[in-house]
Amino acid sequence: MSDNQSNDTPATATSVAAATGKLAHATAASAPEVAGRRAFFHYRDLLVGEATQGRLRAQVMSSSRGLSQPTGWHYHVCEAQFVYGLKGWVDLEFEDGRRIRLQAGESLLIPGGMKHNETATSEDLELLEVTLPADMGTVACEPPNPPA
């Protein structure tokens, strides 16, 4: 390989594309509303799950009335949940004692199995959520013991 060639040759790029799925383009009109984990959220599927054969899911979660009570302690059965704030804010608490207010323009990566609780949201909350894999389970659990 010459010094001006990169490791990302067209053959490599093609192999990566073939391994990761197909092109998915979602618009406001084409991203369907789907059922989700919480009744107070609306979920729009960004068509990533099908395109990646279930390896990844991306959706927009929005609320027009805010959270009226905490979700309760839970964790997700997945490798990771990535959340990016688009509008408003959400307050979360975690098993390690941290409390975070995630606001528009901020992101959060929650490892699978990490216990957490959403305690409050703004009325205009909108989040981008990406999960690995697409099929993510939610398990209610007891509040964690306070960290020592």
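Values in this text are rule-based calculations from the coordinates and carry no lab data. Quick caveat: nothing in here was measured; it's all calculated off a predicted structure. Virtual Cβ from ideal backbone geometry, glycine too; neighbours counted across all protein chains shown.
Here the contact order of segment 24-140, divided by its residue count and restricted to Cα pairs under 8 Å and six or more residues apart, works out to 32 percent.
The protection proxy used here, the mean number of other Cβ atoms lying within 10 Å of each residue, ranks peptides 28-34, 101-107 as follows, highest first: 101-107, 28-34.
Can you tell me the length gained on complete extension of the stretch A104 to L23, counting 0.36 nm per residue apart and subtracting the Cα distance?
26.4 nm is the gain from fully extending A104 to L23.
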